[in-house]
Each structure stands twice: as structure tokens, then as C-alpha cells.
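Asker: Please find one structure pasted underneath; my questions will follow.
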Amino acid sequence: MNDKWRVTKMQAEQMDPYYRDTWVEVNLSAIEQNVRSLSHVYKDQNTAIMAVVKADGYGHGAVPVAKSAIDGGATFLGVAILDEALELREAGMTTPVLVLGRIRPMDARIAAKHHIAVTVFSKEWLVSAKEYLDSSNPLTIHVKCDTGMGRLGITDPKEIKEMVQIIHGSDAFYLEGMFTHFATADELDISYYQEQFQQFQQFINQLEEENISIPLIHCANSAAALRFPKRAFNMVRFGISMYGLSPSPEIKHQLPFPLEPAFQLKTRLAQVKKLEAGKAISYGATYVTEREEWIGTLPIGYADGWIRAHSTNGGTVLVDGEELPFVGRICMDQCMVRLNSSKEEGTIVTLIGHDHGQELSMDSVARRLDTINYEIPCIISKRVPRLYFKDGNLISVKNQI
Ligand code: PMH
């Protein structure tokens, strides 16, 4: 058994058992380091780091990622929905959390009870939510401004005044933040980013005109935080690059420090067989062996988020450092690859990550599926256990089924 699989008794208590040969390895040291590297970029300015751990930490696991981000210097957490915020609280985390999406007014009380900050972008919402709140437990609010993303937020800087009147007029609310979100901060052409930034500045000017002071002003996602630190105000929302991935291939060369990817997807050969020429593989019998071929069956399929397009779009895996193609259609729980030679059953197969000095990067896998790197770890399903490594040692396992 490899050394990295050896665990202490205390660590063993953090281990969910799992009974399959397909798993994700999350390198928590990489996450911690990516956050620490960002904090060095901001060492001379008073800018907090929010670790964005929505969607179960972009598929990596929200709680362990959040803890590592905090070890690296993050002081705030961001999620998309209230349930995700409550998961962090249930895990005993007391770090400030902001829900970046809308919550229902009737859920304002539970958010307040758990000290979870929420995003607000309408007066009507405030009026409704007030019915569910009392001054002994005020709800923390960040007002969202739509400066050109066209998603959530007030569009007119003048609306700020009326919202602040309602917020300040009630002991049930505490106004902590104002923010916006960029649509194109990861593009080489920064003109639209600049337009959005100027529009956000209008909202800030409005606050100054009305003599309203708000402790936290934030706008930067990873791309903006890495490229434009002087325009980050006092908090950045660090998502994709905390996981070691570039916000886009175009700006990879502009990043101020090397990012360390945290996510690898591995499986083991379930069966290896030699087929003679003319034998069909998988549903539809779309692949037929041209000669005598070695075929390996992998215990991962589209129900694990390993969708059929990986095969139809010319996907590959690494086995003992060799890049090998998928053959035939990917099934729900299994798929096949063509080997160059006989391999022992149980040999490790890398679908994303490193193997014997070779790499199949998240970016290359995303390109294969004509999508962005964000999407790939998010869609690897809960059926695949997540194994957490720190300093090269396995420290915990999460199996969500
Ligand atoms: N802030 C908000 C409001 C977001 O929606 C996101 C990511 C982030 C910060 C972090 O961005 P980053 O991962 O680029 O650093 N949101 C999304 C999204 O809605 N779809 O893809 C990423």
C-alpha cells in the first residue's frame, strides 16, 4: 500500500467508508496555498478574501475547502443558496457567510438566527422580510447592484437611497455590504469590465452623496482580483482560482502567481481483455476493433458526471503515463478504453490530473467538452467519494451516498 493511504487513528474518524474504485482527490494544501498567494498580492491593502464555496465548493466539497481557505487567510465565505450556508454552520463554522443568490423573505429569520448575511436587491423584499424578523436578531444585508451582468441587482443608483432608508429605519436589519458582479473580467478586451466598474462607481458616489457609509464594498471575482487588485475595494470574492484554475485560458499568462490545481479524478481498471478484430464495444456497437486489441473497462459513467461526450469528442485517460482513448459509448456506470498492452486489473487510471509525470488538465478536459473549467468538477456527481489530502497525506474522506 502506498504511503499516502496510511492514516492515523484520529484521522480515521474523519473517514467515510466507500466501496468503489473511482474517487476524487482534493489537495487541500493547494487550496490553502492559492489563497495565501492571493493574500500576498493584497498584503499592502486592507482587502479581505471571501472564499466562494458555493455548489459544494465547485464540486470539491464546501466544508473542507472553506477550512483550508481560512487557513490560507480567507475571512469570509460565499455561497449561492441558504442551504449551503446552513451546511457550513452545521459543520461548526463561525466565519461570516454571505448568500450570493436570493433567499425567500420567509427564510430571513433562519438566516438571521445563524448569522448568515444575505443579498438584497429590492425594497419589496425588505418590507416582506421585516415581517419575519425582530430587532433581537438583526439580519445582515449586502445590497447587490446590477452594473451590466443582467442577473441580480438594482440597476439605478438612485434606488440605493430608498433601500438604505428602509434598512436604517428598522432594527431588524444591519447593512454590511454593497457589491456587483462582472460579466467579462476574464476577457482580454477589458472595455466592458471598465464600463461595469464605472457604473459601480456611480453607486458608490450615490452613497457618498447621501452620506451613507457601508463597511464592505466588493466587486472582484477571481479574474478581477488577480488582474486589477487596485480596484478591489475592501473585499474580493475568490472562486475558481482558489481551486487552482484560471478564470479563462486567455488570461492564464497574466496571472500574478502560479495556481495549483486541487482536483484529480481517478479510477482503476475493472477488467482487461484481449479482443480479436471485428468485436463491438458498448451500446449501439458503434466501435468495432480493427485488429486484436486490449480493452480496459473503467467503473465510471455518466451517472458519475462522466458524460457521453467524453468518448464522442475524442477523450483520453492516462494509464502508467500513457494517453489512451475511450472507445464506444460511455454507459451509466462504466466505460471502456483501448490499451496499448495488457495491464493488470486494478491499475490506476487518471481521468483528470497527474500520472507518471503526464497531465490531463481540467482545462484540456473542459476544451474537449466545449465548456469552461468551472463546469467539470461541479458535475462530477455525489456518487464519487472525495478524498482529502493535506501535505501529501490523506486526512479525510467524504462519501455522500
Ligand atoms: N461572486 C459571485 C456573485 C459569483 O456568482 C461568483 C461565481 C463568484 C463571485 C466567483 O467567481 P470566480 O469563480 O470567477 O472567482 N459565479 C459563477 C457562476 O454563477 N457561474 O460560474 C461562476
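Asker: Would you tally the residues in region 363-386 being in a helix (DSSP H, G or I) and open to solvent by 10 Å² or more (accessible area, probe 1.4 Å)? Outline the logic, then answer.
Answerer: Keep residues of region 363-386 that are in a helix (DSSP H, G or I), which gives 363-368, 375-379.
With the extra rule that they be open to solvent by 10 Å² or more (accessible area, probe 1.4 Å), the set shrinks to 363-364, 367-368, 375, 378-379.
Looking only at that region, the number is 7.
Asker: Let me ask something else about it. Among the residues of region 199-233, how many are in a helix (DSSP H, G or I) and among the aromatic types (Phe, Trp, Tyr)?
Answerer: Of the residues in region 199-233, the ones in a helix (DSSP H, G or I) are 199-209, 222-227, 229-231.
In the following step, the residues that additionally are among the aromatic types (Phe, Trp, Tyr) were identified as 200, 203.
Result for region 199-233: 2.
Yes or no, residue by residue, for (1) surrounded by fewer than 19 Cβ atoms within 10 Å (Cβ to Cβ); (2) of a type in the set (D, E, K, R); (3) not in a loop (DSSP other than H, G, I, E, B):
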| position | (1), (2), (3) |
| --- | --- |
| ALA129 | no, no, yes |
| MET149 | yes, no, no |
| GLU162 | yes, yes, yes |
| PHE182 | no, no, no |
| PHE197 | no, no, yes |
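Asker: So how many residues does region 249-264 have that are outside any strand (DSSP E or B) and either basic (Lys, Arg) or in contact with a Leu (Cβ under 9 Å, 6 or more places away or on another chain) (or both)?
Answerer: Going residue by residue through region 249-264, those that are outside any strand (DSSP E or B) are 249-262.
In the following step, the residues that additionally are either basic (Lys, Arg) or in contact with a Leu (Cβ under 9 Å, 6 or more places away or on another chain) (or both) were identified as 250-252, 254-257, 259, 261-262.
Total satisfying the criteria: 10.
Asker: Here's a follow-up. Inside region 31-85, can you point out the residues that are assigned to a helix (DSSP H, G or I), in contact (Cβ under 8 Å) with a residue 60 or more places away in the chain, within 16 Å of the ligand (Cβ to nearest atom) and over 15 Å from the mean Cα position of the chain (by Cα)?
Answerer: Scanning region 31-85 gives SER37, LEU38, VAL41.
Asker: Let me ask something additional. When you go through (1) under 21 Å from LEU38 (Cβ atoms); (2) within 16 Å of the ligand (Cβ to nearest atom); (3) open to solvent by less than 20 Å² (accessible area, probe 1.4 Å) one by one for MET93, which number turns out not to apply?
Answerer: That leaves (2) as the condition not met.
To keep it simple, each residue is scored yes or no on (1) in contact (Cβ under 8 Å) with a residue 40 or more places away in the chain; (2) open to solvent by less than 20 Å² (accessible area, probe 1.4 Å); (3) away from the ligand (no atom under 12 Å from the Cβ).
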site	(1), (2), (3)
ILE190	no, no, yes
GLN194	no, no, yes
PHE203	yes, yes, yes
ILE212	yes, no, yes
CYS219	yes, yes, no
PHE228	yes, no, yes
ARG231	no, no, yes
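Asker: Taking ASP71, is it open to solvent by 30 Å² or more (accessible area, probe 1.4 Å), in contact with a Lys or Arg (Cβ under 6 Å, 6 or more places away or on another chain) and either over 23 Å from LYS144 (Cα atoms) or modelled with pLDDT of 95 or more (or both)?
Answerer: In short, no.
Asker: Can you tell me which of THR286, THR267, THR312, THR316 is over 30 Å from ASP391 (Cβ atoms), away from the ligand (no atom under 16 Å from the Cβ) and open to solvent by less than 40 Å² (accessible area, probe 1.4 Å)? Talk me through it step by step, then tell me what you get.
Answerer: Numbers: THR286 fails: open to solvent by less than 40 Å² (accessible area, probe 1.4 Å); THR267 fails: over 30 Å from ASP391 (Cβ atoms); THR312 fails: open to solvent by less than 40 Å² (accessible area, probe 1.4 Å).
Only one candidate qualifies: THR316.
Asker: Return a yes/no flag: does region 246-254 have any residue that is assigned by TED's automatic domain parsing to the domain that holds ALA66, among the aliphatic types (A, V, I, L, M) and either out of contact with any Phe, Trp or Tyr (no Cβ under 8 Å at 6 or more places or on another chain) or within 14 Å of the ligand (Cβ to nearest atom) (or both).
Answerer: Within region 246-254 (the criterion being assigned by TED's automatic domain parsing to the domain that holds ALA66, among the aliphatic types (A, V, I, L, M) and either out of contact with any Phe, Trp or Tyr (no Cβ under 8 Å at 6 or more places or on another chain) or within 14 Å of the ligand (Cβ to nearest atom) (or both)), the answer is no, since none of the residues qualifies.
The values are calculated or read from the model by the stated rules, or taken from the named source; none is laboratory data. Computed from a predicted structure; not experimentally measured. Methodologically, a virtual Cβ is constructed for each residue, glycine included, from the backbone with ideal geometry; neighbour enumeration extends over all protein chains shown. Heavy atoms of the whole protein, side chains included, go into the accessibility calculation; ligands, DNA and RNA do not. Shrake-Rupley method; radii C 1.70, N 1.55, O 1.52, S 1.80 Å.
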